[in-house]
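Working notes for the structure below.
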Amino acid sequence: MPKSTWQSLLDVASGKPNHTRQTRYEHWVVFHRWIAKPLRDQAAEMRAYLTAARIRVPFHRDHWAHLIPDGEPEIYAELFLDDLESLIRVLTSSISYSAAAPDTSQRGPVTPVRSTTGTLSALQAITSDTTRAGY
């Protein structure tokens, strides 16, 4: 099974220092792959990660800032951190940490949700949809 974009971002940001052109480029590519994903897909990957890790992750901007590539424009950094904060808050309040990791192999069509306004309510709707559907 291929690695999720979220796991790839964690790996590339936590791996070798970004002092070579290649590692900086890899970090940039994975970061942009993540922020280009529809919020629904981001929520599914984060739900799988948080459930598998069986942890509740507090959100502190400083804790997650290392995932943003050096020199990234502030607009992308803010989009990433705002969406991540909403994802973590909604998902940690809705995940049953005693449950096994969700089976994502039978997903139906995905409707992209991407907005900087109403992100929290969109995430709550996504979370309740995936919870009711057994994801």
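Quick look at the numbers
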item	result
Packing rank of 3-13, 73-83, where each peptide gets the mean count of other beta carbons within 10 Å, highest leading	3-13, 73-83
Segments 62-68, 86-92 sorted - mean Cβ within 10 Å per residue, highest first	86-92, 62-68
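Bear in mind that the values in this text are calculations on the coordinates, not laboratory data. Since the structure is predicted, the reported quantities are computational estimates derived from the model, not experimental observations. Don't worry about glycine lacking a Cβ; one is built from the backbone with ideal geometry, like all the others, and counts go over all protein chains shown.
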